[in-house]
1. Just need a number here: residues in the range 81-120 that are loosely packed, with under 15 Cβ neighbours inside 10 Å and among the small types (Gly, Ala, Ser).
2. Which condition does Thr57 not pass, out of (1) touching a helix residue (DSSP H, G or I) at 6+ places or on another chain (Cβ under 7 Å); (2) crowded, with 17+ Cβ neighbours inside 10 Å; (3) among the β-branched types (Val, Ile, Thr); (4) within 27 Å of Ser25 (Cα to Cα), if it passes all the others?
3. Considering only residues that are in a strand (DSSP E or B) and exposed (fewer than 13 other Cβ atoms within 10 Å of the Cβ), which ones fall in the range 63-80?
4. With (1) outside any strand (DSSP E or B); (2) at pLDDT below 95; (3) surrounded by fewer than 16 Cβ atoms within 10 Å (Cβ to Cβ) as the list, and Lys34 as the residue in question, which single condition is left unmet?
5. If you scan the range 101-113, which residues turn out to be touching a strand residue (DSSP E or B) at 6+ places or on another chain (Cβ under 9 Å), touching a residue at least 24 places away in the same chain (Cβ under 8 Å) and either over 16 Å from Ala54 (Cβ atoms) or charged (D, E, K, R) (or both)?
6. Restricting the search to the range 46-96, which residues are within 18 Å of Glu108 (Cβ to Cβ) and of a type in the set (S, T, N, Q)?
Amino acid sequence: MKKIVALASLIIACFSANIALAQHSSDEYAAITKTLSYYIEGGTNRDSATFAKAFMTDGQMIFMHKDTVKILSLKDFVGGMKPGEKLNRTCRITNIQLYGNAATARLELVYETHTFVDFMNMLKTSDGWKIVNKIFYREDKPKEQTPAQAKK
């Protein structure tokens, strides 16, 4: 009987720990999503103040340009935002992976002529979750052919 009580207590303790962990993770996912929304909304609306909230200023953006690796500081990336009309794009967070105070996120930003796939590395700082590193891939959409071009 003591073994059954001990086993039941262990199962209850594990279940309670999982509930607490799930709640903690849910709160963290919400906080990560909030940071990513600063990136998405600030970028879409060309609002540099909102955009900047997503980033740790001494982070980097690394990307390929004409078969060459380019590195740009996130401070320069944010500083390069020019005010203008709202961008016509559809954005979505497709994946978040969380491990303690580190996380990765994958986003898709779909424009009329191309799609960006962004991979964000994030850390939980004293100021909350921040993007510390960004890499991306740009994929151009095939150009639509006119009926005359299609016949060739």
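The values are calculated or read from the model by the stated rules, or taken from the named source; none is laboratory data. Computed from a prediction, not measured in an experiment: that's the story for all the values here. When we count neighbours, we look across all protein chains shown, and the Cβ atoms used for this are built from the backbone with ideal geometry, even at glycine.
1. Count: 3.
2. Single failed check for Thr57: (2).
3. Met64, His65, Thr68, Val69, Lys70, Ile71 - these are the residues of the range 63-80 that are in a strand (DSSP E or B) and exposed (fewer than 13 other Cβ atoms within 10 Å of the Cβ).
4. Every condition holds for Lys34 apart from (2).
5. Tyr111, Thr113 - these are the residues of the range 101-113 that are touching a strand residue (DSSP E or B) at 6+ places or on another chain (Cβ under 9 Å), touching a residue at least 24 places away in the same chain (Cβ under 8 Å) and either over 16 Å from Ala54 (Cβ atoms) or charged (D, E, K, R) (or both).
6. Passing the criteria: Asn88, Thr90, Thr94, Asn95.
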